[in-house]
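None of the figures in this text is laboratory data; all of them are computed from the coordinates on show. Computed from a predicted structure; not experimentally measured. Neighbour counts are summed over all protein chains in view; Cβ atoms, including those assigned to glycine, are modelled from backbone coordinates with ideal geometry.
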Amino acid sequence: PAAVAATLTGPRKVVLVEDDALVAAALSRALEGAGMLVTRFISGDAALASPAVDVADYLISDLWLPGETGGVELVSRLLQRPRRPMRILMITGDPMASLPLALQQQGVSLLLKPVDLTTLLQALDVTRARTVV
């Protein structure tokens, strides 16, 4: 993980949207250990209401979030907002889940939980080349 983290130069602000407290805590600790600044939210609505999402370099969101604004809706709404470029990664525990084609075409990636830190950092680095504007 340290070698992969070293390749992530520059952008370090992460917005993590995850409703499972244990998963959110584990991902936050891992990302912070890799030198990232993590702001956590438990819902898409809370993330959209925060100015942190507009200055983030990365967004990592659970695909299936509770409430009116699920993961797909969150990302779709973010893609419509004017903001700085952001790398978007979605995670899910559902092995049958897939991203809508429109999100895939925008460079959004999907990883299956549990996600280890090396895989997560590699996905963020790969996603760097496909930054969503």
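In this structure the amide hydrogen of LYS113, modeled in the peptide plane, comes within under 5 Å of the amide hydrogens of THR92, GLY93, ASP94, none closer than 5 places in sequence on its chain. Projected onto its three principal axes, the C-alpha set of the range 17-74 covers 32, 25, 14 Å, listed from the longest axis down. Averaging over all projection directions, the Cα-based convex hull of the range 61-113 occupies 3.7 nm² in the image plane.
Can you tell me the order of 98-105, 51-58 when each peptide is scored by its average per-residue count of other Cβ atoms within 10 angstrom, highest first?
The most tightly packed comes first, giving 51-58, 98-105.
Note on the range 14-133: Rg/Rh from Cα positions, Kirkwood definition for Rh, rounded to two decimals, is 0.91. Distance between the modelled labels on GLN122 and GLU68, one decimal in nanometres: 4.0 nm (7 Å Cα→Cβ projection).
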